[in-house]
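The values are calculated or read from the model by the stated rules, or taken from the named source; none is laboratory data. Quick caveat, the model's predicted, so the values are computed rather than measured. Glycine also receives a Cβ, built like all others from the backbone with ideal geometry; neighbour counts cover every protein chain displayed. These area figures cover heavy atoms from the full protein model, side chains too; ligands, DNA and RNA do not enter into them. Shrake-Rupley method; radii C 1.70, N 1.55, O 1.52, S 1.80 Å.
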Amino acid sequence: MKKIVYILPLLILVVLSACKKEVSPTNTTHQNTHATSDLDGKWNLVHLYGGIAGINENYASGEIEWTFNTQNATLTVNNTVGNSSYYSLPSGTYPFQQISNSNQNYLVIDANELGQFVISGNQIFIDENKKSTGEGACGFYMELER
């Protein structure tokens, strides 16, 4: 019984410390000098990675499309791959908003904060680990392209 008392906290500590932020070329800080209207238009989800399992999924252009309309604050998703085990936003139209905080922008979709986003050229990088309320761990990173 004494062994269980010592092993259980150790096991919990190992599991909780397993979440770490991966360092990759697309995980660098980008300067966002674009207005919200730069979100307008069609974007293709091309890469989803991270999470506690360290997944790495690539999508072909057109498989998962996000179309932002800042005039009416809606995001229309066209998901032709269905629900993978990691990406779960089905086709449909969702309300969205942007939270701006100290030169950082955060994306809220259907009243759920997705994470910090940065527009760099014709790409959007979304980091689910960075929220307007602070940083977390084990979230996903998304890359979308025009």
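May I ask you to list the residues in segment 88-113 that are within 13 Å of the chain's Cα centre (by Cα), within 21 Å of GLU63 (Cβ to Cβ) and modelled with pLDDT of 95 or more? Full working, then the answer.
Within segment 88-113, the subset within 13 Å of the chain's Cα centre (by Cα) is 88-89, 105-109, 112-113.
Next, from what is left, pick out any that are within 21 Å of GLU63 (Cβ to Cβ): 88-89, 107, 109.
Scanning segment 88-113 gives LEU107, ILE109.
Check whether at least one residue in segment 36-56 is closer than 25 Å to SER102 by Cα and of a type in the set (Gly, Ala, Ser), and report yes or no.
yes
Residues checked against (1) loosely packed, with under 12 Cβ neighbours inside 10 Å; (2) assigned to a strand (DSSP E or B); (3) among the aromatic types (Phe, Trp, Tyr):
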{"residue": "PHE68", "(1), (2), (3)": "no, yes, yes"}
{"residue": "GLN71", "(1), (2), (3)": "yes, no, no"}
{"residue": "VAL77", "(1), (2), (3)": "no, yes, no"}
{"residue": "PRO90", "(1), (2), (3)": "yes, no, no"}
{"residue": "PRO95", "(1), (2), (3)": "no, yes, no"}
{"residue": "SER100", "(1), (2), (3)": "yes, yes, no"}
{"residue": "LEU107", "(1), (2), (3)": "no, yes, no"}
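Taking segment 121-131 on its own, how many of its residues are open to solvent by less than 40 Å² (accessible area, probe 1.4 Å) and assigned to a strand (DSSP E or B)?
Kept after step one, since they are open to solvent by less than 40 Å² (accessible area, probe 1.4 Å), are these residues of segment 121-131: 124-127, 129.
After this cut, where a residue has to be assigned to a strand (DSSP E or B) as well, the list is 124-127.
Residues flagged as open to solvent by less than 40 Å² (accessible area, probe 1.4 Å) and assigned to a strand (DSSP E or B) within segment 121-131 amount to 4.
Kindly indicate the residue of segment 60-74 that is without any contact (Cβ under 8 Å) to a residue 40 or more places away in the chain and under 15 Å from the mean Cα position of the chain (by Cα) and also farthest from ASP40 (Cα to Cα) among those meeting that condition.
If we take residues in segment 60-74 being without any contact (Cβ under 8 Å) to a residue 40 or more places away in the chain and under 15 Å from the mean Cα position of the chain (by Cα), then ILE64 is farthest from ASP40 (Cα to Cα).
Going by the structure shown, is ASN83 touching a Pro at 6+ places or on another chain (Cβ under 8 Å) and assigned to a loop (DSSP other than H, G, I, E, B)?
yes
Tell me, please, whether a residue that is in a strand (DSSP E or B) and either on the phi > 0 side of the Ramachandran plot or hydroxyl-bearing (Ser, Thr, Tyr) (or both) can be found in segment 51-65.
no
If ALA53 satisfies every condition in (1) more than 21 Å from GLY121 (Cα to Cα); (2) surrounded by 13 or more Cβ atoms within 10 Å (Cβ to Cβ) but one, which is the exception?
Of everything listed in (1) more than 21 Å from GLY121 (Cα to Cα); (2) surrounded by 13 or more Cβ atoms within 10 Å (Cβ to Cβ), ALA53 misses just condition (2).
Among the residues of segment 132-145, which ones are at pLDDT below 95 and open to solvent by 60 Å² or more (accessible area, probe 1.4 Å)?
THR133, GLU135, ALA137
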